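The values are calculated or read from the model by the stated rules, or taken from the named source; none is laboratory data. Please read these numbers as outputs of a predicted model, since none were measured by experiment. Cβ coordinates were reconstructed from backbone atoms using ideal geometry, including for glycine residues, and neighbour counts include every protein chain displayed. Calculation scope for accessible area: heavy atoms of the full protein, side chains included, ligands and nucleic acids excluded. Shrake-Rupley method; radii C 1.70, N 1.55, O 1.52, S 1.80 Å.
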Amino acid sequence: MHTSAAQPPAQHTTDVLLIGGGIMSATLAALVSELEPTWSIRVLERLERSAQESSNPWNNAGTGHAALCELNYTPQSADGRVDVSKAITVNEQFAVTRQFWSFLVEAGRIPNPDAFIHATPHMSFVWGADNVAYLRERHALLAAHPLFEGMEYSEDPAQIAQWAPLLMAGRAGDEPVAATFSGEGTDVDFGALTKLMLDSVAERGATIEYDADVKLVHRTMDGVWHVMGKQGGERFHHRARFVFVGAGGQALTLLQKSRIPEIKGFGGFPVSGEFLRTTSPEVAERHHAKVYGKAAVGAPPMSVPHLDSRVVDGKPSIMFGPYAGFSPRFLKHGSLLDLFKSLRPHNIVPMIRAGLANIPLTVYLISQLLASPKKKFAELRAFYADADPKDWEKITAGQRVQVIRPNGVLQFGTEVITHKDGTIAGLLGASPGASTAAPIMLEILERCFPERWEDWQPRLQEMVPSHGTKLSDDPEFAREVRDRTAKTLGLDVHGVA
């Protein structure tokens, strides 16, 4: 199935061709359609609908990652010092994304922000004297920063219970606890947002095709990229001046097939995940927050435990997790051979080095795989002591492929790959991913279209008022941007108590 205008002639060359129908491709398509409305855009998605892999609302936590609650963005060194630099960077990035979403709403591209975003407090919650001391220091550093003003802190069980009743329900009260609270947080349905953006660019002339499984990307001597694959059992062959590979875990192998030198040495390590979910109204109505704790020793940053309020298709629920697992698939709907097909002579040594350097991670993954359902449920009860197993079900989250760099470093985050001539780009990696889609796609546009970048500045300033500046350098402007986007997106800027 596909949604488009009439099929172009076989020799038609698309200006911008995007592989993958997730939030990244949707964001780039939306940006290009605003900056260059006359350019032809084509999106190819291998599944029958958009956002069915990592962007699907049940395949991610739905957190608008602004570093308000995520403790992995504020690591503590051996000497006890807390580093908040990463948190500030992530907050700045999400502010860019939020401004772009607000522009799309104001411009009428997205008719109803309530379809994809809701105000949801973000909290950090810890227990034990050492963890309380860490959270106290983290709060002191962040609360003094203009991007995090208004963040509250408490070690009072009664106050924490007021913020999030489930956290204190059934807790013995014999150990110190602490929490931070920020009413600026959001819950985002990235699947709904992806569909809204793709529908908008399709209305403006873009071609969106589904069931289009790309098998090969290569360039001919004339500098044009050829993208080939199968759709509905039939072969397709598209020509494009610029290609973006936003195919999630499949991006690695497609970039390898493109034979651009910039992908040499890169590998990928797939990590799967599971969540526990409840849709019980009695439980869901008692918890309205995204609550993040501390990751277990040896756990990857993406495995930070969290108890999340979710709103999907208008229905409230709570998710807890993630529980890490392993599958050689690079996509949830992928092949068991994905990992092996990604092996190349140039990336085998980096992958071996990454494995040897991350033995604690391997031990953690094995322990997660061997953990019994009872043990996994006990982790939920560390957050919500009164949790009843009959209210919860297990769901499988999306696949994440962590980046292994040519130097053998396992990277937790995203990696932008662009060819030196700017005609092809791709995105590897995972979290914070979707929340930083706009700044990542802007980086790709700057790197790949340097000859157009200066001319785009006035329009970019309209879409992202803080473009080219740091909000942390101008507290008054930061408040103005926060208040304006909150109003446009239907969020309560003063928080939800």
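Things to note:
- Solvent-accessible surface (1.4 angstrom probe) belonging to Leu410, in square angstrom, nearest 10: 20 Å²
- Probe 1.4 Å - accessible area at Tyr134, Å² to nearest ten: 10 Å²
- Cα-centre dipole for the range 408-452 with unit charges at Cβ (Lys and Arg positive, Asp and Glu negative), debye to 20: 40 debye
- Given charges at beta-carbon only (K, R positive; D, E negative), |dipole| of the range 82-153 in Debye: 140 debye
- Rounded accessible area of Thr362 (nearest 10 Å², 1.4 Å probe): 70 Å²
- Tail beyond 16 Å, pair distance distribution of the range 91-174 (Cα, percent): 67 percent
- Ordered from largest to smallest accessible area (heavy atoms of protein chains, 1.4 Å probe), the residues Arg98, Arg259, Arg46 come out as Arg259, Arg46, Arg98.
- Projecting the Cα positions of Val188, Met319, Ile263 onto the charge dipole of the chain (unit charges on Cβ atoms of Lys, Arg, Asp and Glu, taken about the Cα centre) puts Ile263 furthest along the positive direction.
- Angle between the chain longest axis and helix 373-383 axis [Cα atoms, degrees, rounded to 10]: 70 degrees
- Ranking Gly205, Ala178, Tyr134 by Cα position along the charge dipole of the range 123-282, where only Lys, Arg, Asp and Glu carry charges on their C-beta atoms, puts Gly205 farthest toward the positive end.
- Evaluated at q = 0.08, 0.09, 0.11, 0.12 Å⁻¹, a Debye calculation over the C-alpha positions of the chain (equal weights, vacuum) places log10 I(q)/I(0) at -0.48, -0.61, -0.93, -1.11.
- Taking 7 Å steps out from each Cα toward its Cβ at Arg241 and Lys86 produces label points 4.0 nm apart.
- In this label model, Leu343 and Arg459 are separated by 4.6 nm, measuring between points 7 Å along each Cα→Cβ vector.
- Take 197-205, 268-276 and order them by the average number of nearby Cβ atoms within 10 Å per residue, most first; the result is 268-276, 197-205.
- Over the C-alpha atoms of the range 130-191, the Rg to Rh ratio, Rh being the Kirkwood estimate, stands at 1.03.
- Taking packing as the residue-averaged number of other Cβ atoms within 10 angstrom, the listed peptides 282-289, 180-187, 126-133 run from highest to lowest as 180-187, 282-289, 126-133.
- Taking every alpha-carbon pair under 8 Å whose residues sit at least 6 apart, the chain reaches a relative contact order of 23 percent.
- Reach of Lys390 by Cα under 19 Å, taken over aspartates and glutamates that are not fewer than 8 positions away in the same chain: Glu274, Glu282, Glu285, Asp308, Glu379
- For Ser335, the amide hydrogen comes within under 5 Å of the amide hydrogens of Phe330, counting only partners 5 or more places away or on other chains and with H modelled in the peptide plane.
- Just the protein heavy atoms count here, and of the accessible area of the range 136-189 at 1.4 Å, carbon and sulfur take up 49 percent.
- Net charge dipole size for the range 322-471 [Lys, Arg +1 and Asp, Glu -1 on Cβ; Debye, nearest 20]: 700 debye
- Cα centroid separation, the range 46-104 to the range 403-421: 19 Å.
- Whole-angstrom gap from the range 240-274 to the range 322-336, using each part's C-alpha centre: 16 Å
- Accessible area per residue for the range 247-316, computed on protein heavy atoms with a 1.4 Å probe, is 38 Å².
- Within-15-Å neighbourhood charge of Leu166 [Cβ basis; K, R +1; D, E -1]: -1
- Axis of helix 359-370 versus longest Cα principal axis of the chain: the two differ by about 80°, to the nearest ten degrees.
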